[in-house]
1. Does PHE336 satisfy the criteria of being part of a loop (DSSP other than H, G, I, E, B), touching a strand residue (DSSP E or B) at 6+ places or on another chain (Cβ under 7 Å) and either away from the ligand (no atom under 16 Å from the Cβ) or not assigned by TED's automatic domain parsing to the domain that holds TYR254 (or both)?
2. Scan the range 184-227 for residues that are in a strand (DSSP E or B), more than 14 Å from the ligand (Cβ to nearest atom) and over 30 Å from SER32 (Cα atoms) and jot them down.
3. Would you say GLU99 is among the acidic types (Asp, Glu), at pLDDT 95 or above and under 18 Å from THR252 (Cα atoms)?
4. When you go through (1) in contact with a His (Cβ under 7 Å, 6 or more places away or on another chain); (2) buried (at least 21 other Cβ atoms within 10 Å of the Cβ) one by one for GLY14, which number turns out not to apply?
5. Consider LYS140 carefully, then state whether it is surrounded by 18 or more Cβ atoms within 10 Å (Cβ to Cβ), away from the ligand (no atom under 16 Å from the Cβ) and not polar (S, T, N, Q).
6. If only one of GLY91, GLY53 is within 15 Å of ASP148 (Cα to Cα), at pLDDT 95 or above, touching an Asp or Glu at 6+ places or on another chain (Cβ under 6 Å) and of a type outside the set (A, V, I, L, M, F, W, C), which one is it?
7. Before we move on, is LEU26 more than 16 Å from GLN343 (Cα to Cα), over 17 Å from the mean Cα position of the chain (by Cα), crowded, with 21+ Cβ neighbours inside 10 Å and within 9 Å of the ligand (Cβ to nearest atom)?
8. With the condition kept exactly as written, say whether any residue in the range 139-158 is in contact with a strand residue (DSSP E or B) (Cβ under 8 Å, 6 or more places away or on another chain), more than 26 Å from GLN342 (Cα to Cα), touching a residue at least 12 places away in the same chain (Cβ under 8 Å) and among the basic types (Lys, Arg).
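The values are calculated or read from the model by the stated rules, or taken from the named source; none is laboratory data. Only a predicted model underlies this, so the values are computations on that prediction, with no experimental measurement involved. Please note: Cβ atoms are built from the backbone with ideal geometry, for glycine as well, and neighbour counts cover all protein chains shown.
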Amino acid sequence: MKNWKKTAEVAIIGGGIMGVSAAYYLARRGVSDVIVLEKELLAQASTGLSVGGIRQQFSNPANIRLSQESIRVYERFEEEFGVDIKFRQVGYIFLARKEDTWNDFLSSVETQRQHDVPVEVLSPEDIKQRWSYLNIDDLKGGTFGPKDGYADPYLAAMGFATSARKFGVRIEEKTEVTGINIEGGRVQGIETAKGSISVPVVVNVAGPWGGEVARMAGSDLPVKPYRRQVFMTKSFDAIPKPVPLVIDQDVTFYFRSEEPGIIMGMSDPDEPSSFNLNVDRDFLEKVIEVAIHRAPVLEKAEILRGWGGLYTITPDDNPIIGEVPGVKGLFSAIGFSGHGFQQAPAVGLILSQLILDGQTNFDLKPFSYGRFDKKDQEGEKRVV
Ligand SMILES: Cc1cc2nc3c(=O)[nH]c(=O)nc-3n(C[C@H](O)[C@H](O)[C@H](O)COP(=O)(O)OP(=O)(O)OC[C@H]3O[C@@H](n4cnc5c(N)ncnc54)[C@H](O)[C@@H]3O)c2cc1C
């Protein structure tokens, strides 16, 4: 192919938020020859289909740290990248119906406070007083993170991509990676639909396809794609603003405002692993039932549209980050189990540190490849 450069210092497989964030941090550190390969268009897979939630309320300290580092970047994103990502710190409220869930919340709050997370513990009556549209009849209580909120993932990815390009990163869309060449336990290069590239460092940030890309290198990642459906209402102003991101944890239902309407979703415990993105009307009926139970005023809302996106899930709902054991030069950051948008700035930075310095200050033990064999690693409980 004409103009196809056959060498690079680092090749990044996947042009979602992880890929462009990693490219940006590498290029900012002076790596001049980084290429991002995207089989479709930038940020149109999980990143573009995400709900954009950003929070510090996690149960695992390692996730809290990833979010804190990322929030620092998102708070000053416009200054650094020149893009307003519409970061609205309107808060996240987690609601517990069951006693066990409530006890888990209280134990998470202890961990969160040890890590300086601003979080309030609320009784059902406190909740009613502040958000009178919520039904509290079956609640044990809730926790509120006032600095949590949401932003626009597509705009954030475009901000990283534009700045990365300014530092010289090449971004090749419509370019599928079809193979990874390894010799003597070391990455030598990749095969793409446009030609091969000789490259000593390859980063697998292929999101839901991360398992398939890993297999190109003969490696097995315990990650699977699962559909998650999201629904948006027509213009709806019966809920007073600002509307926090409300999570009804025991049924994994959530909603928040998405001007001029409301956006909502829920996990389906019967959903099989697949790449299916279709919207299922029967499932929508279940979501509406739960929505009306939690916020009865939503009965008046009309659904405008829905879409399906893919979560990439690991057995403990924590990602796998690091160099692939036994394959020098191959790094991955896969399996964000619904948290990848908010963790992308920190993960991009970590990948750049691992690649350039061979180490990072972040505790990556909970995200290691080997953890699934050990009994003492605790995953993430705050998952929807
Ligand atoms: C409905 C929904 C709601 C969500 N809500 C939130 C939320 O509120 N907060 C949050 O933090 N996260 C949320 N997430 C999760 C978040 O969207 C993901 O964790 C994040 O976008 C992952 O980014 P990524 O770059 O790893 O993957 P992706 O955005 O999926 O990007 C991977 C890219 O790799 C490309 N690719 C794959 N294989 C190849 C190949 N062989 N060659 C070239 N390119 C390839 C794909 O085309 C894709 O563009 C949500 C996800 C969904 C689906």
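1. yes
2. Residues satisfying the conditions do not exist here.
3. Criteria met by GLU99.
4. Condition not satisfied by GLY14: (1).
5. yes
6. One residue alone meets the criteria, GLY91.
7. In short, no.
8. Yes, the range 139-158 has at least one match.
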